[in-house]
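Read the figures in this text as sums done on the coordinates, not as results from a lab. These numbers were taken from a predicted model, which means no experiment stands behind them. Ideal geometry is used to build each Cβ from the backbone, glycine not excepted, and the neighbour counts take in all protein chains shown.
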Amino acid sequence: MTRTRVAVLISGAGSNMAALIDAGRRDDAAFEVVLVVSNRSDASGLDIAAGKGVETVALNHADHGRDREAHERAIDAVLAGRDIQVVALAGYMRLLTPWLVGRWAGRMVNIHPSLLPLYPGLDTHARAIAAGDKEAGATVHLVTEGVDEGPVLAQARVPILPDDNASALQERVKVAEHQLYPTALDAFCRKLWA
Ligand code: GRF
């Protein structure tokens, strides 16, 4: 099977990115991470990707001032130059314009650290604990114009424990994410070309 060429967009640590890179190297993988792009040149995930032998590109959003679309056009040109077929957002902390979302409609996925539709946006773990929820989790979804609103592809659930704080819960959710995202992306890529 020809593997789907995936680019991962990050802004930070890149632990999900690393899980995707590793999963894409398994013998039976339906995808391969061939490029990692960050909107911050100081994102530590860039070093992890480079250490794994994956091409990295940093395109600082600040270089484009307030012009989000200009920044996205620069990213899109890099994606096109590498024949990218699917984009996976993994801790990419920029709101996307309708232009980029439209350009990648049906071929851009994201992972969000909550059981969507619960808790779109930021501070998901603290909000779940404050609400007294008994479980939290993560969602892989298609990216559409509404933030964290696209169709759900897969979810993973973890318990919220009595003494949890946001960072303890975040770590538990991340462990689940590192299983969920590669599995969901693999299934997504298989369906895309079926
Ligand atoms: C993850 O929790 C993901 O769900 C959210 O941002 C976090 C990124 O973490 N979108 P990492 O950079 O993959 O470690």
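Work out the FRET efficiency for L161 and D22 from their Cβ-Cβ distance, taking R0 = 30 Å, and round it to the nearest 0.05. Please list the in-between numbers first.
Working: r = 28 Å, r/R0 = 0.93.
Plugging the Cβ-Cβ distance into 1/(1 + (r/R0)^6) gives 0.60.
Taking 30 Å as the straight-line reach from the Cα of K191, the lysines in range (excluding those fewer than 8 positions away in the same chain) are K52, K174. Positive-end ranking of S15, I84, L169 along the dipole of the chain, with charges on Cβ about the Cα centre, is headed by I84. Here the simple spin-label model places points 7 Å from the Cα toward Cβ, and for N60 and W99 these points are separated by 2.1 nm. Rounded to the nearest 500, the 222 nm mean residue ellipticity of the chain from helices alone is -11500 deg cm²/dmol, with -39,500 (n - 2.57) taken per DSSP H run of at least 4 residues. Let me see the P(r) profile for the chain: every Cα-Cα distance counted, bins of 5 Å, each bin given as a percent of all pairs. Going from the shortest bin to the longest, the percentages are 1, 8, 17, 20, 21, 16, 10, 5, 2, 0.
Backbone geometry of region 79-86 corresponds, through the Karplus equation with coefficients 6.51, -1.76 and 1.60 at θ = phi - 60°, to 3J(HN,Hα) couplings of 4, 5, x, 10, 6, 5, 10, 9 Hz, x marking Gly and Pro.
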